[in-house]
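Okay, structure first, notes after.
The values are calculated or read from the model by the stated rules, or taken from the named source; none is laboratory data. What you see is a predicted model, and the numbers here were worked out from it, not measured in a lab. All Cβ positions, glycine included, derive from the backbone under ideal geometry; neighbour counts span all protein chains shown. SASA here: full protein model, heavy atoms, side chains in, ligands and nucleic acids out. Shrake-Rupley method; radii C 1.70, N 1.55, O 1.52, S 1.80 Å.
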Amino acid sequence: WSIEIDPVLAERAALALRGLGLGDDRLHLRAGDGWAGWPEAAPFSAILVTAAPPVVPPALRAQLAPGGRLVIPVGARDGDQELRLIVRTHDQREIERAVFAVRFVPMTGGTAGGTAGGAAS
């Protein structure tokens, strides 16, 4: 399951992945806003985000399955960013920790403001 906000890039990615033998039965890719995640396909045991929002999107937290992990870069567009690991325990608690400093492209979809990419798996 993967989301790309740019429809042209989403189509190019889908074609490239199909060329590698990853058909629609194994691959679910759509153009959309990574800030919102993919609620129709949730919950996810793992969510990996590849663009940095200023805060962790609430929708992604909500789509994390018990025992699941969310790895996401978080921070300002031109400032400090950190990679965070969020684990949802089986009793629905969240354990969150900063892993290390990173620099990712900004997520600008949803309330992050504009257009962005993100992924869930």
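Data for the structure
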| read-out | value |
| --- | --- |
| Segment 1-25 - residue that is closer than 16 Å to A41 by Cβ and touching a helix residue (DSSP H, G or I) at 6+ places or on another chain (Cβ under 9 Å) and, of those, surrounded by the fewest Cβ atoms within 10 Å (Cβ to Cβ) | D24 |
| Which numbered condition R93 fails, given (1) at pLDDT 95 or above; (2) in contact with a helix residue (DSSP H, G or I) (Cβ under 7 Å, 6 or more places away or on another chain) | (2) |
| Residue check, R93 in contact with a strand residue (DSSP E or B) (Cβ under 7 Å, 6 or more places away or on another chain), without any contact (Cβ under 8 Å) to a residue 40 or more places away in the chain and either aliphatic (A, V, I, L, M) or open to solvent by 50 Å² or more (accessible area, probe 1.4 Å) (or both) | no |
| Residue in segment 46-55 that is surrounded by 17 or more Cβ atoms within 10 Å (Cβ to Cβ) and hydroxyl-bearing (S, T, Y) present | yes |
| Residue match in segment 26-42 (condition: touching a strand residue (DSSP E or B) at 6+ places or on another chain (Cβ under 6 Å), part of a strand (DSSP E or B) and in contact (Cβ under 8 Å) with a residue 40 or more places away in the chain) | no |
| One residue from A101, A46, A14, A65 being more than 16 Å from the chain's Cα centre (by Cα), assigned to a strand (DSSP E or B) and of a type in the set (A, V, I, L, M) | A101 |
